[in-house]
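Please read the structure below before turning to the comments.
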Amino acid sequence: MDTEKKLGVYVHIPFCASRCAYCGFYSTAGKDRLMPDYQYALLRHIKEYAPQLDGYVVDSVYFGGGTPSYYGSGRLVSLFNALKKHGHVLRSAEVTAEVNPDSITKEDVQALYRAGFNRLSIGVQSASDSVLKSLGRRHNFARAEEAVLDAREAGFKNISIDLIYGLPSQKRDDWADTLSRALALKPEHISCYGLTIEEGTQLYVFKDSPFLPSDDEQADMYLYTVDTLSRFGYKQYEVSNFARRGFESAHNLKYWLGGEYLGFGAAAHSFIGGRRYGIVSDLERYSEGILYDKSIIETSEELSDFEKAGEYLMLRLRTVYGISESEYYEIYHCDMDRILSRLRYFESNGWAERNGDNWRFTPTGFLLSNTLIGQVLEEQMRQRSEINKPWLKASGGEDPQMTLFASGEERVLKLF
């Protein structure tokens, strides 16, 4: 077995006690009766896929959702045991479970820790009880504090908490209070997400509402977050993620740095062997597909070198690791003159910085990352056109100092 080939495993648990007002991920409430069938399907899927895992070792496992803690610690332990039996899981693997304070007990965290889980991601979201209620969360902040304490007493030394800013009627002082009280919990990792209003969520009624913080107010909250967390020893390593040294999420880094990962469960995605595919976003279709040997694949594509290079740009620019000309050339075997011209323009505006042939966004650049990455991908597309149609280059093309916020397509990759 080639122990150099590392793989991350993701298991999607779509069950929730209720749906939060902001959630745009695939999840479902009120279908607890389907849990036994879903569990059977997951266990069978893991066992059947085992032969294809030869040649890989699993160095990260992530149970996400939905609400894995609502699914039950017993089921999670059973699934992890199946992965250990069939999937070559390293003893040193990072093993994470997402949990909500309202659905995790002291006994649950003890059971998870004994089974080999070594990281918890706790959905705190806010320190304000009234905000939590408005978001449809089923816990208060006191319960979140208890959940962290329970995890510490069980033995967990790697705890992450999720927070959301840019909420309706939220001011910077409100966010500063949440951040301060979250820091008092002394987690090893903090994820801070700016609210995104997605169609189909309860908060969609606030789209374009004056009750939402303005772009400038949300930007102020973000820059305050970066500065505050840095002063407390949390290094930013991705747009929304901060960690103490050595506690960056090994699993999520696989997505951003181009590692291979394998997904089990409805709506899970995989990238393995140069192919990306997604499973149907329907837990009943998933369970029936596994039971009756029907196809459960909803999307599948083999990436070209050009597409791999595009994903390298898109994902790496979300991180502090950034991109380099030499790495890009290894993937696509083509120079990146147009892209470099664009990055130099970003640098002149304080949005990007370079070290040798490495480029990364500054905190201000991260604020504009979707737009900036869209511009970089447009330059990549133009450069390919010049290679395929060299006469376009002779015409001079467009001014590299073109307006940054000009309209244009932006590729968006949704990961779980």
### Task
Determine which single condition V61 fails, assuming it passes every other condition in (1) buried (at least 21 other Cβ atoms within 10 Å of the Cβ); (2) among the β-branched types (V, I, T); (3) over 19 Å from the mean Cα position of the chain (by Cα).
(3)
#### Entry: Top-ranked residue of the stretch 290-307 - restricted to ones that are free of Cβ contacts under 8 Å to residues at least 40 places away in the same chain and out of contact with any strand residue (DSSP E or B) (no Cβ under 6 Å at 6 or more places or on another chain), ranked as farthest from Y26 (Cα to Cα)
D305
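This table checks each residue for (1) farther than 24 Å from G289 by Cβ; (2) not in a strand (DSSP E or B).
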{"site": "V9", "(1), (2)": "no, no"}
{"site": "Y38", "(1), (2)": "no, yes"}
{"site": "R44", "(1), (2)": "no, yes"}
{"site": "K47", "(1), (2)": "no, yes"}
{"site": "G74", "(1), (2)": "yes, yes"}
{"site": "L83", "(1), (2)": "no, yes"}
{"site": "S92", "(1), (2)": "yes, no"}
{"site": "Q110", "(1), (2)": "yes, yes"}
### Query
What strands (runs of 3 or more DSSP E) lie completely within the stretch 182-278 and have 1 or more residues being at pLDDT 95 or above and not assigned by TED's automatic domain parsing to the domain that holds I161?
260-264, 269-272
### Task
Pick out the one residue from Y10, Y70 that is free of Cβ contacts under 8 Å to residues at least 60 places away in the same chain, within 23 Å of I279 (Cα to Cα) and buried (at least 22 other Cβ atoms within 10 Å of the Cβ).
Y70
## Note on the structure
Of the residues in the stretch 170-187, those that are surrounded by fewer than 19 Cβ atoms within 10 Å (Cβ to Cβ) and in contact with a strand residue (DSSP E or B) (Cβ under 6 Å, 6 or more places away or on another chain) number 0
#### Entry: Scan of the stretch 296-328 for residues that are of a type in the set (K, R) and surrounded by fewer than 18 Cβ atoms within 10 Å (Cβ to Cβ), ordered by number
K308
### Any pair with Cβ under 7 angstrom, 6 or more apart, that starts in the stretch 158-170 at a residue that is modelled with pLDDT under 95 and ends at one that is of a type in the set (F, W, Y) and surrounded by fewer than 20 Cβ atoms within 10 Å (Cβ to Cβ)
P168/F206; P168/F211; S169/F211
### Task
Please determine, by comparing only the residues of the stretch 100-124 that are surrounded by 20 or more Cβ atoms within 10 Å (Cβ to Cβ) and under 16 Å from K157 (Cβ atoms), which one is nearest to the chain's Cα centre (by Cα).
S121
### Query
Does L377 satisfy the criteria of being surrounded by 17 or more Cβ atoms within 10 Å (Cβ to Cβ), hydrophobic (A, V, I, L, M, F, W, C) and touching a strand residue (DSSP E or B) at 6+ places or on another chain (Cβ under 9 Å)?
no
### Task
Please give the number of the condition Y40 fails out of (1) free of Cβ contacts under 8 Å to residues at least 60 places away in the same chain; (2) surrounded by fewer than 21 Cβ atoms within 10 Å (Cβ to Cβ).
(1)
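Against the definition (of a type in the set (S, T, N, Q), over 24 Å from G87 (Cα atoms) and outside the structural domain of D357 (by TED's automatic domain parsing)), how does S295 come out, yes or no?
no
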### Summary
Checked against (1) buried (at least 17 other Cβ atoms within 10 Å of the Cβ); (2) at pLDDT 95 or above, E288 satisfies every condition except (1)
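The values are calculated or read from the model by the stated rules, or taken from the named source; none is laboratory data. None of these values were measured; they are calculated from a predicted model. With ideal geometry, Cβ positions are generated from the backbone for all residues, glycine too; neighbour counts draw on all protein chains shown.
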